[in-house]
Amino acid sequence: MKLRRRTLVAGCTLAMAIVAGALGGTTAASPGASGGTVVFGAEQEPPCLNGVLAGCNNTWTSWTVGISFPGLYEILPNGDLRPDLIDGEAKFTKKPFTVTYKIKQNANWSDGKPVTAQDVIFTLQTILNPKNDVAGRAGYEDIARARAINPKTLKLSFRKPYAAWKLLFGGQFGVLPKHALQGKDFNEVWNTNVNSQTTGKPIGSGPFILESYTKGQSMTMVRNPRFYGKRPQIDKLVFRFITNTDSEIQAIKGGEVDAIYPQPQLQLGDLRRTGGLKVLSSAGATYEHIDFNAGKKGFALARAPWFRQAFAYSIDRTALTKQLFGTLKPDLQPLQSLTYQNTQKQYQPHFGQYTYNPTKAGQIMTSKGCAKGGDGIFVCNGVRASVKYGTTAGNRLRELSQEIVQAQAKKSGIEVTIDNSPSRIFFPQVSNEDYQLALFAWVGSGDPSGITDIYSCGGESNWMGYCSKKVTDLLKAADQELDPAARVKLVNQAGKIMGLNVPSIPLYQKPTFLVYKSKLQGLADNPTSGGPLWNVENWSVSG
Amino acid sequence: MFTFILRRLLYSIPVLFAASFLIFVSVSAVGNPLSELRLNPLISEQTLQNIAERKHLDDPIPVRYVYWLKEAVTDKFGTPLFVQTPIWDDLTRVIPHTLQLVIVAELLALLIGILIGVYSAIRQYSVFDYTATMASFLGFAMPVFWLALMLQILFTELFLRTGTRVFYTSGLNSVDNTCTFCVDRAQHLAIPVMTLAVLSIAQYSRYMRASMLEVINSDYIRTARAKGLSEPKVTVRHALRNALIPVVTVSAINFGVLIGGAVITETIFGLDGMGPYFINNLQSQDVYPVMAWLMITATMIIIFNLIADITYGFLDPRIRYE
């Protein structure tokens with residue numbers, strides 16, 4: 001009976017809405033026009049709010065609630081790191097390797113307590129506690145000792161030099177409040193709120209703190225009056241979770257949200273032509289690449305660098321990039337490096353020589369004793385140049401890219417057979433080195449420390465069977481080189497060798513799109529892990 | 001009647017047990033749920049071990065099944081693999097959202113579908129009948145995702161051209177509004193309801209037309225007319241009641257299945273219901289919420305089948321329960 005009554009009520013309200021709408025009675029106020037509220041359409045909902053934990057750690061956790069917890073350094077759109085919670089650059093000694101940070105005097109938690117060196121030490125202890133299911137411990141494990149020199153000064157002593165030290169306690173969820181979390185089971189805090197475990201009130205040190213969270217629907221953040229940086233101009237920031245890109249696009253067109261940061265979709269082209277909207281686009285941190293498997297289960301010819309070079313010459317990466325993103329981001333260039341991205345000043349085009357040249361590809365093959373068969377495909381020492389090319393099934397952009405590569409390679413006498421599988425099968429295959437040619441993406445952090453695992457001999461994420469002692473030595477030396485300029489030199493030397501060895505072919509950086517209403521000001525895309533909210537304190541609403 | 005219901009409920013227990021075992025084995029057979037996390041070089045082995053220990057992932061499947069069953073019964077399905085939020089909290093949040101959508105859509109579809117079906121049957125081979133037949137085939141053929149997008153575009157354009165917000169295109173509520181039974185919620189649910197109802201209207205109208213045609217040509221209807229009963233009375237009291245039985249069967253199964261979530265509709269419109277709950281957990285390979293979802297759906301299908309059986313008795317006095 002109760003259900004029947006509720007159904008009736010629901011039916012009646014629906015009818016009322018139709019009538020009200022038809023009479024023009026319910027024109028919703030534009031969300032951003034209320035003098036300082038911005039409604040942001042988020043494409044994913046955080047699985048839970050404790051972004052330090054592995055299960056909650058995704059980009060949208062960082063970009064939403066993560067802005068409450070700035071780190072010691074923040075990552076800028078060009079990949080550089082800038083002091084955030086600390087006063088100027090940290091000071092370091094090389095032998096022994098120590099780093100001394102001075103936390104900003106005016107850095108306070110939203111409850112009025114100061115952010116101190118003890119908070120950083122607590123964060124370190126939390127990350128290193130084996131009982132906590134944290135997302136990453138890399139680099140933190142190298143810290144031998146953390147000492148508070150005074151409440152605002154912290155000294156870290158390392159067991160060995162760690163070149164990427166600026167990434168530690170950086171980005172979002174950088175420093176945790178000791179007084180608000182101490183004594184609690186870290187795996188069980190901040191599932192659906194980000195409150196102090198002692199007062200039950202929202203806590204944070206960033207420009208906004210979480211006021212309320214309606215799981216599955218939205219998250220409301222309000223200005224933190226005690227933020228140490230520039231006072232945020234907007235009062236409220238609401239994240240509405242709209243996981244379907246088409247719906248996101250309709251929502252911004254129809255004024256239901258003020259800004260979105262969607263995955264690249266052809267429909268985004270329409271938004272560039274829609275009045276009252278602005279679209280910012282950058283080459284993002286996620287880059288697609290083709291890996292050759294030179295290992296035992298790989299393709300025999302792919303073990304020879306000359307074949308990989310010939311393959312690189314047979315792909316027109318410029319045309320490929322144009323074909324995929326010509327409408328959305330006409331100025332997107334192919335990526336020419338496996339070490340840095342072309343938005344970084346350290347970037348050097350190590351793969352620049354591989355312009356589309358089927359003749360050169362053919363010459364290389366012929367010079368190695370290969371001869372074309374009746375079907376136009378090369379045969380080298382009895383091995384047909386026919387390679388299986390896999391990626392994650394259902395990803396339309398990747399599938400389209402495969403078809404283009406297939407057609408291009410055929411012109412150079414290399415047969416490419418598409419062999420895709422769902423991601424749950426594809427990735428285990430790749431990590432077990434059970435593939436021939438694989439197309440997938442890496443997410444760059446801006447710092448080259450991650451590439452050592454990918455390209456060094458026996459690296460944890462080296463699934464290509466690629467091993468160059470020179471590259472390994474250079475990358476390992478770079479990981480311990482504390483002089484930034486010398487480090488860039490080492491990484492680029494390794495990159496240059498990889499440009500000749502071609503263990504993998506970089507294709508392009510996936511573009512990012514920040515779409516927002518023209519009345520919003522101060523937005524700037526940060527295509528790195530910093531994300532679209534990196535400068536939210538500078539946002540304002542006009543009119 | 002009471003004995004019948006009790007007996008059916010008792011039969012449901014072994015059915016649910018069998019379903020739970022099949023669900024657990026088939027989901028577990030897909031592979032190690034930690035395999036994707038293992039690919040992330042940033043996630044330490046220690047963290048993976050902690051999760052494996054907590055969920056007994058290193059034990060054989062039958063042992064894991066017992067642990068899972070115990071957790072499902074004593075701790076309302078426990079927690080997911082990767083996070084510590086209780087599964088039951090999430091389920092009790094999303095089920096009412098789905099119920100609200102499905103009940104409104106199905107009732108609307110039943111009402112319109114039955115009316116169209118009855119009128120088509122009475123006016124067989126009329127212009128209305130041909131039009132309704134064509135429209136229902138169109139409804140059957142229309143992909144849900146396409147219709148959803150078209151409706152979104154239509155109402156967005158309507159808003160842009162008139163400045164009047166009739167319906168919202170996504171979400172359950174506007175910002176700062178959490179009401180469940182209000183105009184705002186109705187404005188948000190209207191397009192998803194339309195999307196879901198179109199297919200069901202097509203389905204119910206066809207069933208109703210066929211069933212009604214069979215009934216109105218039967219002997220007892222001729223007798224009713226011969227007795228001098230008015231045509232509306234013959235149609236509503238004698239023909240409609242009996243003709244409803246196949247529609248009740250189909251709608252009961254539909255209800256049961258849709259409680260599991262109108263996956264496409266809910267996902268497209270960003271409704272926090274059972275559908276997105278299932279899809280999101282499936283994508284993140286969190287098997288525990290997926291298994292809980294499957295159990296809830298199985299239970300709902302059993303319950304709605306029982307409801308259909310009971311309804312037959314009310315519609316057709318010849319059906320008796322023993």
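The values are calculated or read from the model by the stated rules, or taken from the named source; none is laboratory data. Nothing here was measured: the structure is a model prediction, and the numbers come from that model. Reconstructed Cβ throughout: ideal geometry from the backbone, glycine too, with neighbour counts over all protein chains shown.
B:ILE245 fails exactly one of the following numbered conditions: (1) buried (at least 19 other Cβ atoms within 10 Å of the Cβ); (2) in contact (Cβ under 8 Å) with a residue 60 or more places away in the chain. What is the number of that condition?
(1)
Name the residue that is surrounded by the most Cβ atoms within 10 Å (Cβ to Cβ), counting only residues in the stretch A:408-446 that are of a type in the set (D, E, K, R) and within 14 Å of chain B (Cβ to nearest Cβ).
From the stretch A:408-446, those of a type in the set (D, E, K, R) are A:410-411, A:415, A:419, A:424, A:433-434; that's our starting set.
This time we only want the ones that are within 14 Å of chain B (Cβ to nearest Cβ), so: A:424, A:433-434.
Values: A:ARG424: 16, A:GLU433: 18, A:ASP434: 16.
Per the stated criteria, the residue is A:GLU433.
Suppose the filter is under 28 Å from A:PRO448 (Cα atoms), of a type outside the set (Ser, Thr, Tyr), touching a helix residue (DSSP H, G or I) at 6+ places or on another chain (Cβ under 8 Å) and at pLDDT 95 or above; does A:PHE307 pass it? Working first, answer last.
Details: under 28 Å from A:PRO448 (Cα atoms): yes; of a type outside the set (Ser, Thr, Tyr): yes; touching a helix residue (DSSP H, G or I) at 6+ places or on another chain (Cβ under 8 Å): yes; at pLDDT 95 or above: yes.
The answer is yes for A:PHE307.
From the list A:VAL9, A:VAL19, exactly one residue is modelled with pLDDT under 80 and at the interface with another protein chain (Cβ under 8 Å from one of its Cβ atoms). Which is it? Before the answer, list the steps.
Working: A:VAL19 fails: at the interface with another protein chain (Cβ under 8 Å from one of its Cβ atoms).
Answer to the selection: A:VAL9.
Which condition number in (1) within 14 Å of another protein chain (Cβ to nearest Cβ); (2) over 20 Å from the mean Cα position of the chain (by Cα); (3) assigned to a helix (DSSP H, G or I); (4) not aromatic (Phe, Trp, Tyr) is the one that A:LEU490 fails?
Going through (1) within 14 Å of another protein chain (Cβ to nearest Cβ); (2) over 20 Å from the mean Cα position of the chain (by Cα); (3) assigned to a helix (DSSP H, G or I); (4) not aromatic (Phe, Trp, Tyr) one by one, A:LEU490 breaks only (1).
Could you go through the stretch B:280-295 and let me know if any residue there is charged (D, E, K, R), outside any helix (DSSP H, G or I) and either closer than 26 Å to B:ASN173 by Cβ or touching a Gly at 6+ places or on another chain (Cβ under 9 Å) (or both). Show your work before the answer.
First, pick out the residues of the stretch B:280-295 that are charged (D, E, K, R): B:286.
From what is left, the residues that are outside any helix (DSSP H, G or I) are B:286.
Narrowing further to those that are either closer than 26 Å to B:ASN173 by Cβ or touching a Gly at 6+ places or on another chain (Cβ under 9 Å) (or both): B:286.
The answer is yes; a qualifying residue exists.
Say we look at the stretch A:233-250 and pick out the residues that are polar (S, T, N, Q) and at the interface with chain B (Cβ under 9 Å from one of its Cβ atoms); which of these is farthest from the chain's Cα centre (by Cα)?
Within the stretch A:233-250, the first condition is being polar (S, T, N, Q), and the residues that meet it are A:233, A:243-245, A:247, A:250.
Filter once more, so that each one left must be at the interface with chain B (Cβ under 9 Å from one of its Cβ atoms): A:243-244, A:247, A:250.
On the way: A:THR243: 18, A:ASN244: 19, A:SER247: 23, A:GLN250: 25 Å.
For the stretch A:233-250, the residue satisfying everything is A:GLN250.
Being more than 7 Å from chain A (Cβ to nearest Cβ) and part of a loop (DSSP other than H, G, I, E, B) is the filter; apply it to the stretch B:133-176 and report the residue that is farthest from B:ILE95 (Cα to Cα).
The qualifying residue farthest from B:ILE95 (Cα to Cα) is B:MET142.
If you take the residues of the stretch B:55-105 that are within 19 Å of B:SER284 (Cα to Cα) and in contact with a Ser or Thr (Cβ under 8 Å, 6 or more places away or on another chain), which of them is surrounded by the most Cβ atoms within 10 Å (Cβ to Cβ)?
B:PHE82
Among (1) surrounded by fewer than 19 Cβ atoms within 10 Å (Cβ to Cβ); (2) part of a loop (DSSP other than H, G, I, E, B), there is one condition A:GLU211 misses while meeting the rest; what is its number?
It fails just one condition, (2).
Please enumerate the residues belonging to the stretch A:305-316 that are closer than 15 Å to A:TYR389 by Cβ and of a type outside the set (Gly, Ala, Ser).
A:PHE307, A:ARG308, A:PHE311, A:ILE315
Would you confirm whether any residue within the stretch A:395-407 is farther than 19 Å from A:LEU320 by Cα and away from every other protein chain (no Cβ under 14 Å)?
So in the stretch A:395-407, the residues farther than 19 Å from A:LEU320 by Cα come out as none.
Within the stretch A:395-407, not a single residue is farther than 19 Å from A:LEU320 by Cα and away from every other protein chain (no Cβ under 14 Å).
Surrounded by fewer than 19 Cβ atoms within 10 Å (Cβ to Cβ), more than 18 Å from A:ASP258 (Cα to Cα) and touching a helix residue (DSSP H, G or I) at 6+ places or on another chain (Cβ under 7 Å) - does that describe any residue in the stretch B:147-162? Don't jump to the end; show me each part of the working.
Pass one, the stretch B:147-162, residues surrounded by fewer than 19 Cβ atoms within 10 Å (Cβ to Cβ): B:150, B:153-154, B:157-158, B:160-162.
With more than 18 Å from A:ASP258 (Cα to Cα) added as a condition, the list becomes B:150, B:154, B:158, B:161-162.
Right, trim to touching a helix residue (DSSP H, G or I) at 6+ places or on another chain (Cβ under 7 Å) and you get none.
Scanning the stretch B:147-162 turns up no residue that is surrounded by fewer than 19 Cβ atoms within 10 Å (Cβ to Cβ), more than 18 Å from A:ASP258 (Cα to Cα) and touching a helix residue (DSSP H, G or I) at 6+ places or on another chain (Cβ under 7 Å).
Going through A:ILE121, A:ILE143, A:ILE103, A:ILE149 one at a time, which residue ends up being of a type in the set (A, V, I, L, M) and surrounded by fewer than 16 Cβ atoms within 10 Å (Cβ to Cβ)?
The match here is A:ILE149.
Please go through the stretch A:493-511 and pick out each residue that is part of a strand (DSSP E or B) and more than 14 Å from A:GLN341 (Cα to Cα). First the steps, then the outcome.
So the first thing to find is which residues in the stretch A:493-511 are part of a strand (DSSP E or B), and the list is A:504-511.
A:SER504 - this is the single residue of the stretch A:493-511 that is part of a strand (DSSP E or B) and more than 14 Å from A:GLN341 (Cα to Cα).
Only one residue in A:SER218, A:SER314 is without any contact (Cβ under 8 Å) to a residue 24 or more places away in the chain and buried (at least 24 other Cβ atoms within 10 Å of the Cβ). Which one?
Answer to the check: A:SER218.
Here is a list: A:ILE290, A:ILE315. Which entry is part of a loop (DSSP other than H, G, I, E, B) and either closer than 25 Å to A:TRP463 by Cα or under 32 Å from the mean Cα position of the chain (by Cα) (or both)? Steps first, answer last, please.
Values: A:ILE290 fails: part of a loop (DSSP other than H, G, I, E, B).
Within the list A:ILE290, A:ILE315, the selection yields A:ILE315.
Looking for something basic (Lys, Arg), assigned to a loop (DSSP other than H, G, I, E, B) and either in contact with a strand residue (DSSP E or B) (Cβ under 8 Å, 6 or more places away or on another chain) or surrounded by fewer than 24 Cβ atoms within 10 Å (Cβ to Cβ) (or both) - is there at least one such residue anywhere in the stretch A:230-252? Write out each step before concluding.
Restricting attention to the stretch A:230-252, the residues satisfying the condition of being basic (Lys, Arg) are A:230-231, A:236, A:240.
The next check asks that each one be assigned to a loop (DSSP other than H, G, I, E, B); those that pass are A:230-231.
Cutting the leftovers down to either in contact with a strand residue (DSSP E or B) (Cβ under 8 Å, 6 or more places away or on another chain) or surrounded by fewer than 24 Cβ atoms within 10 Å (Cβ to Cβ) (or both) gives us A:230-231.
The answer is yes, given that some residue of the stretch A:230-252 is basic (Lys, Arg), assigned to a loop (DSSP other than H, G, I, E, B) and either in contact with a strand residue (DSSP E or B) (Cβ under 8 Å, 6 or more places away or on another chain) or surrounded by fewer than 24 Cβ atoms within 10 Å (Cβ to Cβ) (or both).
If I ask for residues that are surrounded by 19 or more Cβ atoms within 10 Å (Cβ to Cβ) and of a type in the set (Gly, Ala, Ser), which ones from the stretch A:465-512 would you list?
The answer is A:SER468, A:ALA478, A:ALA494, A:GLY495, A:GLY499, A:SER504.
Of all residues in the stretch B:84-102, how many are closer than 29 Å to B:LEU199 by Cα, of a type outside the set (Asp, Glu) and within 9 Å of another protein chain (Cβ to nearest Cβ)? Walk me through it before giving the result.
Our first condition is that a residue be closer than 29 Å to B:LEU199 by Cα; within the stretch B:84-102, this holds for B:90-102.
Narrowing the set further to residues that are of a type outside the set (Asp, Glu) leaves B:91-102.
Filter once more, keeping what is within 9 Å of another protein chain (Cβ to nearest Cβ): B:93-94, B:97, B:99-100.
Residues in the stretch B:84-102 being closer than 29 Å to B:LEU199 by Cα, of a type outside the set (Asp, Glu) and within 9 Å of another protein chain (Cβ to nearest Cβ): 5 in total.
Here's a check for you: in the stretch A:60-80, which residue that is in contact with an Asp or Glu (Cβ under 7 Å, 6 or more places away or on another chain) and part of a strand (DSSP E or B) is nearest to A:LEU49 (Cα to Cα)?
So the residue we want is A:PRO70.
Which of the residues that make up the stretch B:57-79 are at negative phi and in contact (Cβ under 8 Å) with a residue 24 or more places away in the chain?
Within the stretch B:57-79, the first condition is being at negative phi, and the residues that meet it are B:57-75, B:79.
Selection gives B:LEU57, B:ILE61, B:ARG64, B:TYR65, B:TRP68, B:LEU69, B:ALA72, B:THR79.
Looking only at residues that are aromatic (Phe, Trp, Tyr) and assigned to a helix (DSSP H, G or I) in the stretch A:384-431, which one is modelled with the highest pLDDT? Quick ask: steps written out before the conclusion?
Let us first name the residues in the stretch A:384-431 that are aromatic (Phe, Trp, Tyr), namely A:389, A:426-427.
Restricting the remaining residues to those that are assigned to a helix (DSSP H, G or I) gives A:426-427.
Working: A:PHE426: 86, A:PHE427: 82.
Residue satisfying both the conditions and the ranking: A:PHE426.
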